[in-house]
1. How much length would be gained if the chain were fully extended between Gln56 and Glu40, taking 0.36 nm per residue of separation minus their Cα-Cα distance, in nm to one decimal?
2. Calculate the spin-label point distance for Glu144 paired with Met208, positioning each point 7 Å from the Cα along the beta-carbon direction, and give it in nanometres.
3. Please list 3J(HN,Hα) in residue order for the range 192-209, calculated via the Karplus relation 6.51 cos²θ - 1.76 cosθ + 1.60 where θ = phi - 60°; whole Hz, with x for glycine and proline.
4. Between Lys23 and Gln3, what FRET efficiency comes out of the Förster formula 1/(1 + (r/R0)^6) with R0 = 25 Å and r the beta carbon distance, rounded to 0.05?
5. Where the eigenvalues come from the Cα gyration tensor of the range 1-90, what are the semi-axes √(5λ) of the equivalent ellipsoid, largest first, in whole Å?
6. At a Förster distance of 45 Å, what's the computed FRET efficiency of Ser67 paired with Asp282, Cβ-Cβ distance as r, to 0.05?
7. How much accessible area per residue does the range 139-252 have, counting only protein heavy atoms and a probe of 1.4 Å, in square angstrom?
8. Quick one: what are the phi-derived ³J(HN,Hα) couplings along the range 248-256, Karplus 6.51/-1.76/1.60 with θ = phi - 60°, whole Hz, x for glycine and proline?
Amino acid sequence: MFQAETVYVKHIHSTLKCVDFAKECTVEITNRGIRFGVDESQSLQAHIFIDRGLFQKYIFEDDEENSNYLFKTRLAPLLQCLSIYTDGKDKQIYNPWDQQPSTNTMHKRGVVCKIHFEGIGYPFEWEVEEMAGYSTICELSTLEYEENIDVSRLATTLNTKVIMRSGWLYDALLELDNNLSESLMIETSSQKSTFILRCIGGMSTTEMEYPNEKNVLESFETNSEYTYTYRFSLIRQAIKALQAGTKVSLRIDENGTLNIQLMLVGQDGLCTFVDFRIAPLDLMIEDEGDDEGNLAENGYTEDDNDQEDYNTEEEDD
């Protein structure tokens, strides 16, 4: 049996919307928190992990046979339910780089979310209550999922690592998307110390170049000159998350697998992370010829703590 309560409804809703691009999602409940995972064409994986620290009450009862609950469900009905109590309720606008307010708006309004799950075969129940007496119950049908959530891990050797403001990458991808190109090229150079995003369309080429300067890139590491190519339709799935995030880490391993990890800062300065893994275009073509998945072929999972070491202190513009 699993029970939890939280007042951080808005932050959880914002986090879940970042991976709302697939009909079904896989949910894993453990003693440490709740993981949601989606994938697309075995070439894109996206995961979020909601730590138990975001809950004021968290009861997870396991047994010798089950150390977790693992099932498939639909995310869209849950997002619709949570949006009743979040969209348009908090009109305060703030700079994400400013210190977050210490008062929890949803808590002040008396909004509490209760989560309940009896086990496999039972619905995944979310109940949102307001102090005024209104409440909404969302019962999600579940389907048993026998395999563990596979998070394909990056190779040991990282060729490139960049940390920057997610808003800047969001604006760049929107501009590049206007080029109507089917692919995105990422170029890095250790000699020139630059990070370049490029799209080549039928009529023109659009390029965004970022120098390795502290007021532009918080961190930039690359050990040579590299060029990677990714399907833009997969990159596009991360744009919504980039809009909600504050900082983003881009890591590319020796196989070309791109890891986009975003930090979302919510009420009371609490953070959650959204993680995207995208296969390079050349690897996708090779695996399509072999009729095998490219991101899942490693077959092992990574630790929940594999998160970039962001500087979460307030920065000046």
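The values are calculated or read from the model by the stated rules, or taken from the named source; none is laboratory data. Predicted model only: the values in this text are computed from it and were never measured. Cβ atoms come from the backbone with ideal geometry, glycine included; neighbour counts cover every protein chain shown. Calculation scope for accessible area: heavy atoms of the full protein, side chains included, ligands and nucleic acids excluded. Shrake-Rupley method; radii C 1.70, N 1.55, O 1.52, S 1.80 Å.
1. Full extension of this stretch gives 2.4 nm more.
2. About 4.6 nm, to one decimal.
3. 7, 6, 10, 10, 10, 10, 9, 10, 10, x, x, 10, 7, 10, 10, 9, 10, 10
4. Numbers: r = 28 Å, r/R0 = 1.10.
FRET efficiency, Gln3 to Lys23: 0.35.
5. Working: eigenvalues 94, 76, 21 Å².
Those come to 22, 20, 10 Å.
6. Numbers: r = 38 Å, r/R0 = 0.86.
About 0.70, to the nearest 0.05.
7. Roughly 50 Å² per residue, with all protein chains present.
8. So the Karplus estimates, Gly and Pro as x, are 9, 10, 10, 10, 10, 8, 5, 8, x Hz.
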